[in-house]
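Worksheet: one structure, shown below.
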Amino acid sequence: MAAHEVETQESTICSHDEKGLTMDRLLFGDNQFFGVNHMSEEKARAQAMRFQSVDAVMSVLDSAYDCGVTTFMCTTHDRIAEVTQRMREQPERYADQVFYPCMPYAHKYANAMADAGVIGAIRQFLPDEGFFDAAMRGGKSLAKKDIEGVTTLLIDAEMKMFEGLKTPVIFLQNVVVDLLLGLGFVDAFRIFADHVKARYGAEPGFITMNLPKLLDALDKVGVDNPIVCANINKIGFRMCGGLDAYVDVLANRPFRPIAMSVYASGAIRPDEAIEWVTSLPNLEAIVFGASSRTNIESTVKLVASAWPLSVT
């Protein structure tokens with residue numbers, strides 16, 4: 001499918017929430033690039049080997065872009081820094097590219113600290129203009145055990161690779177979100193939300209394996225109408241709290257849901273999965289991963305057919 005052939009489907013893959021944020025209905029994820037597959041370790045290993053080079057990653061991202069899927073919801077893996085650099089070098093080619101960073105990527109920090117020590121790791125990741133200020137802020141925060149200062153310091157470190165690029169939504173990864181939920185330290189969600197809004201002019205997003213519980217926590221700390229990404233699929237795969245609870249909150253709670261794992265790692269036929277998930281009330285977007293142009297085109301066509309936008 002050539003780029004001009006998918007332009008006619010643009011109206012089917014974008015949506016607008018009541019606050020004015022434009023969110024594509026189809027978001028491209030990055031699990032396939034880093035060997036993440038929840039059903040098959042063998043497939044995960046094969047994908048990890050295939051995408052060891054940034055050229056291989058860019059080939060798939062170019063296919064997604066040319067098919068009209070121009071929002072990349074990605075971790076802050078080191079290889080993503082190579083991707084962002086390439087796109088900065090070709091601003092005309094990637095004029096419509098949008099990133100939804102998902103942080104933190106814990107292995108990156110562990111490796112950097114092993115190689116360069118704590119200060120070296122901080123110096124490596126922080127924005128150049130803010131190193132001294134951020135280091136002082138972090139030092140004072142650590143001395144005072146001030147979680148807010150440490151949190152904002154780490155957010156700024158993660159965002160360095162996206163400098164100069166469009167990042168209208170910034171996500172907190174589920175590994176941290178669900179840990180904070182379990183510990184009961186839900187004030188951290190407000191700290192995260194306030195900082196990404198103030199410093200980056202972005203909407204805060206949250207990824208979770210327990211959608212109902214997270215919505216309760218966000219209500220508690222005053223994060224209104226949040227963007228939340230969670231597993232949402234027909235068979236309840238990796239949906240903590242149960243399928244019925246998810247369907248209930250989708251119908252009755254004020255938030256902006258993004259569905260991931262809609263195919264349940266291949267357990268549901270694509271047409272069946274898309275038909276079911278797009279029938280849910282108030283769903284705003286789907287994030288999916290694919291390793292080939294053929295699969296990307298197929299998903300774009302399925303969503304365009306099953307999920308037409310109302311005329312506004």
May I ask you to derive the FRET efficiency for Glu272 and Ala116 from their Cβ-Cβ distance with R0 = 45 Å, giving the value to the nearest 0.05? 0.40
Computed FRET value (nearest 0.05) for Lys160 with Thr22, which takes r as the C-beta separation and R₀ as 25 Å: 0.50
With label points built 7 Å along Cα→Cβ from the Cα atoms of Arg50 and Arg238, find their separation and express it in nm. 1.8 nm
Pop out the carbon and sulfur fraction of the accessible area of segment 157-302 as a percent, whole number, probe 1.4 Å. 52 percent
Once Lys and Arg are counted +1 and Asp and Glu -1 for all other residues with Cβ under 12 Å from that of Gly164, the total becomes +1
I'd like to check one number: the per residue accessible area of segment 184-265, probe 1.4 Å, reported in Å² as a whole number. 38 Å²
For Leu302, the net charge from surrounding residues (Cβ-Cβ under 9 Å; K, R +1; D, E -1) works out to -1
Pairwise FRET efficiency - Arg88 versus Phe185, Cβ, R0 = 35 Å, nearest 0.05: 0.45
Unsatisfied cross-links (Cα-Cα over 23 Å) in the set Lys234/Lys301; Lys166/Lys197; Lys213/Lys234; Lys197/Lys234: Lys197/Lys234
Of Cys240, Cys229, which has the most accessible area with a 1.4 Å probe, and how do the rest follow in descending order? Cys240, Cys229
Treat each spin label as a single point 7 Å out from the Cα along the C-beta direction, and report the Asp96 to Val221 distance in nm. 3.5 nm
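The values are calculated or read from the model by the stated rules, or taken from the named source; none is laboratory data. Treat the numbers as computed from the prediction; the structure is a model and nothing was measured. When we count neighbours, we look across all protein chains shown, and the Cβ atoms used for this are built from the backbone with ideal geometry, even at glycine. Accessible surface areas use protein heavy atoms only, side chains included; no ligands, DNA or RNA. Shrake-Rupley method; radii C 1.70, N 1.55, O 1.52, S 1.80 Å.
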